[in-house]
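> Below: one structure in structure tokens.
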Amino acid sequence: MKKVNIKIPEGIADRMARHELIDWNETLCREITFITSEREVVESILEKSTLTEKDVEDIDRKVKKGLFERYYGKT
């Protein structure tokens, strides 16, 4: 197993110390596993995507316009 050293702010270290029953090593391993798995799913979806940058900009513009009209009325 690899060893990783991390720097955390003093305040967080103090909070962690108050919860001595929590296995922080296991907690961080689970969180890293979750985040990397989630990222791999996103990358897999993006690899298969046929959307272009322009398509994304068009969708973005339509969504923002719809939200604006919904909450502020039609212009």
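Values quoted throughout were computed directly from the atomic coordinates according to the rules given, and no laboratory measurement underlies them. Quantities reported herein were computed from a predicted structural model and do not represent experimental measurements. Note: ideal-geometry Cβ built from the backbone for every residue, glycine included; neighbour counts use all protein chains shown.
> Given bins 5 angstrom wide, list per bin the percent of all Cα-Cα distances in the range 10-72, short to long.
3, 13, 10, 11, 11, 10, 10, 9, 13, 8, 0
> With θ set to phi - 60° and the Karplus curve 6.51 cos²θ - 1.76 cosθ + 1.60, what are the ³J(HN,Hα) couplings of the range 33-41 in order, to the nearest whole Hz, using x for Gly and Pro?
Taking θ as phi minus 60°, the curve returns 4, 4, 5, 5, 5, 4, 5, 5, 5 Hz for the range 33-41.
> Ok, one more. Based on the mean of other beta carbon atoms within 10 Å per residue, what is the order of 45-58, 24-37, most packed first?
Numbers: 45-58: 8.9, 24-37: 10.6.
Result, highest mean first: 24-37, 45-58.
> Would you mind counting up the charge near Arg70? Only other residues with Cβ under 13 Å from its Cβ, with Lys and Arg at +1 and Asp and Glu at -1.
Numbers: positive: Lys62, Lys64, Lys65, Lys74; negative: Glu69.
Charge balance near Arg70 sits at +3.
> Using helices alone, what [θ] at 222 nm do you get for the chain, with -39,500 (n - 2.57) per DSSP H run of 4 or more residues, divided over all residues and rounded to the nearest 500?
One gets -24000 deg cm²/dmol as the mean residue ellipticity at 222 nm.
> Which of Met1, Met16 has the fewest other C-beta atoms within 10 Å, and how do the rest follow up to the most?
In order of increasing Cβ crowding within 10 Å: Met1, Met16.
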